[in-house]
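Written below as C-alpha cells is the structure these notes are about.
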Amino acid sequence: MKFIKLLLLLFVIQIQAQQGGMWIPSLLKGMNENEMKTLGMKLTAEQIYSVNKSSLKDAVPQFDGGCTAEVISDKGLILTNHHCGYDNIQSHSTVEHDYLTDGFWAYKMEDELPNKGVVVSFVVRIEDVTTKVLEGVATLTSEAEKQKKIQENISNLNKILPKEVWQENSIRTFYDGNQYILFVTETFKDIRLVGAPPSSIGKFGSDTDNWVWPRHTGDFSLFRIYADKNNRPAEYSTENVPYKPKHFFPISAKGVKENDFTMVMGYPGRTQEYLPSYAVEQIVNDLNPAKIEVRDAALKVQDGFMRKDNAIKIQYASKYAGIANYWKKWIGETKGLKKSNAVAIKQKFEKDFQEKVIKAGKQAEYGNLLADFQKNYTEINDYALARDLFSEIALRNTELLSVGYKLYQLEQILTNKGEQAFWDRKNNLINGLGDFYKDFSATVDEKVFEQLIGIYSKKYPKQFLPSNLENVDAKTLATNVYATSKLVSYDKIKELLTGETKAVLEKMNNDPGFQVVKMLADSFTKNVAPKYDEINLKNIATQRTYMKGILELSPKSARIFPDANSTLRVTYGKVKGYKPNDAVVYEPITYLDGVIEKYIPGDYEFDVPKKLIDLYNAKDFGKYADKNGKMPVAFIATNHTTGGNSGSPALDANGNLIGLNFDRVWEGTMSDIYYSPEICRNIMVDARYILFVIDKYAGAKNIINELKIIYPAEKKIISKKK
Ligand code: ARG
Ligand code: ASP
C-alpha cells in the first residue's frame with residue numbers, strides 16, 4: 001500500500017515537473033527546491049541564489065539587453081551565442097579581416113577587441129517591494145490614475161531605495177501587476193571580443209535550420225568583462241583589468257544522456273501564459289496570420305533580389321534574418337497552438353476557474369472577468385489588427401516608410417516640444433541615418449512597398465482605411481513615390497532636412513514618400529490608437545484581477561509561475577527527445593556526423609570549413625568525444641525558455657556548465673502562450689562541442705587553459721573481490 005502511494009506520489013511529481021515554468025531565483029526555496037531535488041538536482045536553493053554568499057546567479061549576467069551570458073573563468077571570460085555577438089563580430093570585420101566568415105580568436109589578451117556600447121549586467125540582489133509600489137493606489141478609482149501613481153511610485157523608489165553608487169535599481173512587475181520586485185544590478189561597460197567561430201560553424205544551417213530540430217549549429221562566441229582596479233564597472237580604458245567574478249561555472253565534459261536533470265538560468269523576455277482563450281483565438285486566427293502574410297511578402301521580394309545580386313545580399317542578409325526569425329516563429333506558434341488544442345484547453349481552464357469562483361463565493365470580485373474579456377477582445381479585434389498591420393508595414397518592413405515615420409515624429413516634436421528639441425532630434429537623425437542608407441536599396445524597397453501597401457489596402461479594417469488607399473493601384477503609387485521622394489537616398493534626405501525650420505517642414509510635407517507615411521500615421525493615431533489604448537487598458541485591469549483570482553483560487557500545488565519580463569529566471573527539466581508527428585521520433589542529441597550529412601559545398605547556409613571536415617575524418621576530437629568516440633553537437637531538454645534566453649547556461653545537477661541555450665524546436669514555439677510538455681523543447685549547444693571548437697579547431701589553448709574543465713573519470717580497472 002505504502003509502496004503504491006509512493007509510486008503515485010512520484011508519478012504526480014513527474015507529471016507536474018514537466019509543466020514548464022520560469023521561476024524567480026530568490027523564491028526557489030519555497031516553490032521549487034524539493035521538486036528540483038526529486039528530479040535529480042544536487043544543489044540547494046541557497047547555492048543558486050544567495051544575497052550573502054556567492055551563488056550561481058553571480059555568474060549569469062544579461063548580455064547587452066536582449067541575451068544572456070555566463071562567466072566561465074576567474075578572469076571575467078563570458079560565453080554567449082554567436083547570434084548575440086553577431087553585430088559586434090560584424091562591426092570588427094573588414095574585407096581583409098572577415099571575422100564573420102573566418103572566425104576570430106584572441107590568442108592573447110592584448111588582441112581582444114573592445115565593443116562600443118555593449119554592456120553586461122549582473123543581479124546583485126532581489127527584493128519584494130509590492131507594498132511600497134502600491135502605496136496610495138487602492139483609493140484611486142480610474143485605471144489610468146492607478147497606472148500613473150504606480151509609475152510615480154516606481155520612479156521615486158528607484159531613486160531612494162538603498163544601493164551602492166555604481167549600481168542601479170530597477171523595479172519590475174510580476175503576475176500582471178500583482179507583485180513588484182526590485183532588482184539591484186551592476187552594469188559593466190568594457191566588454192571585449194575574445195573568440196567567435198566562423199559563421200559556417202556558429203550560424204550553420206542559418207535560416208533553414210532556425211527554430212528546427214535536429215540542429216547542428218555551434219552557436220557560441222566569447223567575450224571578456226573588464227573592470228576598474230576596484231573590480232567595479234568602468235567605461236572602456238586601457239587601464240581596466242579583467243573582472244574577478246564572485247562565481248564562475250566549471251565546464252563539464254562528461255556529457256549528457258536522456259533523462260538527465262538540466263537547469264537553465266537567464267533573462268527570458270516576454271511570455272503570455274495566462275491569456276484568456278479569446279485572446280489566444282485572436283492570435284491564432286487573425287493577428288499571427290496577418291503578420292505572417294506581411295513578412296512573407298517582404299521576404300519573398302528581398303530573397304528574389306539577394307539571389308541575383310551579391311551586393312544586395314550583403315546589404316540585406318542581417319535584415320532578412322531578423323524579419324525571417326519571427327515570421328518563422330509565428331508560423332510554428334500558430335500551428336502548435338492549433339495542434340495542441342490550446343484554445344480548448346484554455347476554455348476548460350476558464351470553466352474550472354468559474355466554478356472555483358462560485359465555490360469560494362467570490363462572484364462579486366471574479367465572477368464577471370471572463371465575460372469582460374470576451375466583450376473586450378471582441379471589441380478590440382479590428383483595432384488590434386489595424387495596429388499590427390500599421391506596425392508591421394509602416395514601422396517595420398517597408399524601410400522608406402520607417403524612415404518617413406522618423407520624420408513624422410520630428411514634426412510632432414516641433415509641435416509638442418518646440419524648436420530646440422526639433423533641431424536636436426534633426427541633427428541626431430541626420431547622423432544616425434548614414435548607417436541605415438548604407439544597407440538600403442531603393443530598388444528592393446520599392447517592390448516591398450508595392451506588395452505591402454497592397455496588403456494594407458486589402459487587409460486593413462475598411463472602417464479605418466484612409467480613403468486614398470481604397471482601391472489604390474499599389475504599383476503606380478510605388479513607382480511614383482520612389483521616383484520622386486527624397487527619402488530614397490542619404491544625400492537626398494540630408495538635402496530635405498537642410499534649411500530653416502519652416503522650409504524643412506514644407507519640403508517634408510511636399511515629399512510624396514512622407515505624404516504616404518503621414519496619411520497612414522495620422523489615420524492610425526486618430527482612428528485606431530485612442531480606442532485601442534482605451535480597451536487595452538481595460539484588458540490590463542481585467543488581466544490583473546484574473547491573475548489575482550488564479551493565484552488565490554488555485555491549490556498550492558498548482559505552481560503558478562509569473563510570465564517572463566526580462567528578469568533573471570530559473571527553469572529546469574530533463575534531457576528528452578520528442579515525437580513531432582505520427583510515427584516520427586526525435587532523439588535528444590545530435591553529432592558531428594549530422595553536420596557532415598548536411599554539408600553542401602559552397603552553400604551559404606550549409607558549407608563546412610575544411611579544417612572541421614579534416615578533424616572529423618581523422619576522428620581528432622581531443623578529450624571531447626563521448627564514450628563511443630562520437631563528437632556531440634547539440635541537445636534538447638524540457639526547459640521552458642523564450643527569446644532572451646539565448647546564451648543562457650545549461651547546467652547539470654551540480655551546477656556545472658553542460659551546454660549553451662540558443663533556440664527552441666519548431667513544433668514547440670507556442671510555449672510563449674501555452675507550454676506543452678509533449679513537444680516544447682529548448683535547444684542547446686553541447687559544452688563539449690564548444691570546447692572542441694576552441695581547442696581543436698581554433699587551437700586557442702590560452703582559452704582552454706583559463707577554464708575549469710571537469711573530464712569524465714578515467715576508466716579504472718577494479719579487480720573484483722569475491
Ligand atoms: N531562433 C533563435 C532566436 O529566436 C535564433 C535566431 C538567430 N538565428 C537566425 N538564423 N536568425 O533568437
Ligand atoms: N533564439 C532565442 C533568443 O535569441 C531563444 C528562443 O526564443 O528560444 O533569445
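Between rounded, prolate and oblate, where does the stretch 592-662 land on the alpha carbon gyration tensor, with a ≥ b ≥ c its root eigenvalues, rounded for a/c under 1.5, else prolate if a/b exceeds b/c?
Oblate, since a/c reaches 1.5 and b/c is not below a/b.
What percent of all Cα-Cα pairs in the chain falls into each 10 Å bin, going from 0 up to the bin containing the maximum distance?
Whole-percent P(r) values from 0 Å outward: 3, 13, 21, 26, 22, 12, 3, 1, 0, 0.
Can you tell me which aspartates and glutamates have their Cα less than 18 Å from the Cα of Lys531? Leave out same-chain residues fewer than eight positions away.
Glu143, Glu145, Asp372, Glu379, Asp382, Asp388, Asp522
Would you mind telling me the share, in percent, of accessible area of the stretch 482-603 contributed by carbon and sulfur at probe 1.4 angstrom?
Of the solvent-accessible surface of the stretch 482-603, carbon and sulfur hold 54 percent.
Can you give the net charge of the other residues whose Cβ lies under 9 Å from the Cβ of Leu410, counting K and R as +1 and D and E as -1?
+2
What is the stretch 329-464 by shape, rounded, prolate or oblate, if you read a ≥ b ≥ c off the alpha carbon gyration tensor as root eigenvalues and call it rounded for a/c under 1.5, prolate for a/b larger than b/c, and oblate otherwise?
prolate
If the reach is capped at under 13 angstrom between alpha carbons, list the aspartates and glutamates near Lys108, excluding any in the same chain fewer than eight residues apart.
Straight-distance partners of Lys108: Glu706.
Defining a contact as two alpha carbons under 8 Å apart and six or more residues distant in sequence, what relative contact order in percent does the chain show?
It comes to 23 percent, rounded to a whole number.
Show that you can apply the helix-only estimate: for the chain, add -39,500 (n - 2.57) for every DSSP H stretch of four or more residues, divide by all residues, and state [θ] at 222 nm to the nearest 500.
Here the helix-only value at 222 nm equals -14000 deg cm²/dmol.
For the stretch 555-639, state the average projected area of the convex hull of the C-alpha atoms over all orientations, rounded to one decimal in nm².
Taking a quarter of the hull surface, the average projection is 10.5 nm².
Using Cα pairs under 8 angstrom and six or more residues apart, how large is the relative contact order of the stretch 538-692, in percent?
Relative contact order of the stretch 538-692: 22 percent.
If you wrap a convex hull around the alpha carbons of the stretch 184-233, what volume per residue comes out, as a whole number of Å³?
Spread over its residues, the Cα hull of the stretch 184-233 gives 114 Å³ apiece.
Note the direction-averaged projected area, equal to a quarter of the hull surface, for the Cα convex hull of the stretch 646-720, in nm².
For the stretch 646-720, the mean projected area of the Cα convex hull comes to 8.5 nm².
What shape does the stretch 250-343 take by its C-alpha gyration tensor, where a ≥ b ≥ c are the square roots of the eigenvalues and a/c under 1.5 counts as rounded, a/b above b/c as prolate, and the rest as oblate?
It comes out oblate by the Cα gyration axes.
If you split all Cα-Cα distances of the stretch 107-155 into 5 Å bins from zero, what percentages do you get per bin, shortest first?
Cα pair-distance distribution for the stretch 107-155, in percent: 4, 15, 16, 11, 9, 8, 9, 7, 7, 6, 5, 3, 1.
Write down the accessible area per residue of the chain in Å², having rolled a 1.4 Å probe over the full set of protein chains.
Using a 1.4 Å probe on heavy atoms only, each residue of the chain averages 45 Å².
Pull up the cross-link candidates among the aspartates and glutamates for Lys696, meaning alpha carbon to alpha carbon under 14 Å and not fewer than 8 places away within one chain.
Asp614, Asp620
For the stretch 221-363, with all protein chains present and a 1.4 Å probe, just round the carbon and sulfur fraction of the accessible area to a whole percent.
Carbon and sulfur: 54 percent of the exposed surface of the stretch 221-363.
Could you pull out every Cys in the chain that lacks a partner Cys with its beta carbon under 4.7 Å away?
Singleton cysteines: Cys680.
If packing is taken as the average count of other Cβ atoms within 10 Å, what order do 27-40, 250-263, 390-403 fall into, highest mean first?
390-403, 250-263, 27-40
Of the peptides 297-307, 45-55, how do they stack up when ordered by the mean number of other Cβ atoms within 10 Å, highest first?
Ranking the peptides 297-307, 45-55 by packing returns 297-307, 45-55.
Using a 1.4 angstrom probe on heavy atoms only, work out the carbon and sulfur share of the accessible area of the stretch 88-193 in %.
Whole-percent figure for carbon plus sulfur exposure: 54.
Report the label-to-label distance for Phe349 and Thr238 in nanometres (one decimal), using points 7 Å from each Cα along the Cα→Cβ vector.
Between Phe349 and Thr238, the simple spin-label model gives 5.8 nm.
Over the Cα atoms of the stretch 588-722, what is the Rg over Rh ratio if Rh follows Kirkwood?
Result: Rg/Rh = 1.03.
Over the stretch 433-502, what is the relative contact order in percent, taking alpha-carbon pairs closer than 8 angstrom and at least six residues apart?
38 percent
Out of all DSSP beta bridges in the chain, what portion is antiparallel? Express it as a percent rounded to 5.
Given both bridge residues lie in the chain, the antiparallel proportion sits at roughly 95 percent.
The values are calculated or read from the model by the stated rules, or taken from the named source; none is laboratory data. In this text the structure is predicted, and so the values were computed from the model without any measurement. Cβ coordinates were reconstructed from backbone atoms using ideal geometry, including for glycine residues, and neighbour counts include every protein chain displayed. What goes into the accessible areas is simple: the full protein's heavy atoms, side chains included, and nothing from ligands, DNA or RNA. Shrake-Rupley method; radii C 1.70, N 1.55, O 1.52, S 1.80 Å.
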